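Presented below is the structure to which this report refers.
The values are calculated or read from the model by the stated rules, or taken from the named source; none is laboratory data. Since the model is a prediction, treat every value here as computed from it, not as a measurement. Ideal geometry is used to build each Cβ from the backbone, glycine not excepted, and the neighbour counts take in all protein chains shown.
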Amino acid sequence: MFLARVLIGKTCIGSSSMKVPPVGFDTTTDGQHIFVVYHDASAY
């Protein structure tokens, strides 16, 4: 198990075909439990 602090910024609902978040968003989510960050500097 990992515990991490993550800066999620502005989120939108994602899909498995996304390579990067849409313009204006920093992360994608399933709506409640999973947040996907696209840049290593967002998690520390």
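Take ALA4 and decide whether it is loosely packed, with under 10 Cβ neighbours inside 10 Å, modelled with pLDDT under 90 and over 9 Å from the mean Cα position of the chain (by Cα).
yes
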Seminar exercise, completed: Across the stretch 9-44, the tally of residues that are exposed (fewer than 10 other Cβ atoms within 10 Å of the Cβ) and either in contact with a helix residue (DSSP H, G or I) (Cβ under 8 Å, 6 or more places away or on another chain) or in contact (Cβ under 8 Å) with a residue 40 or more places away in the chain (or both) stands at 1
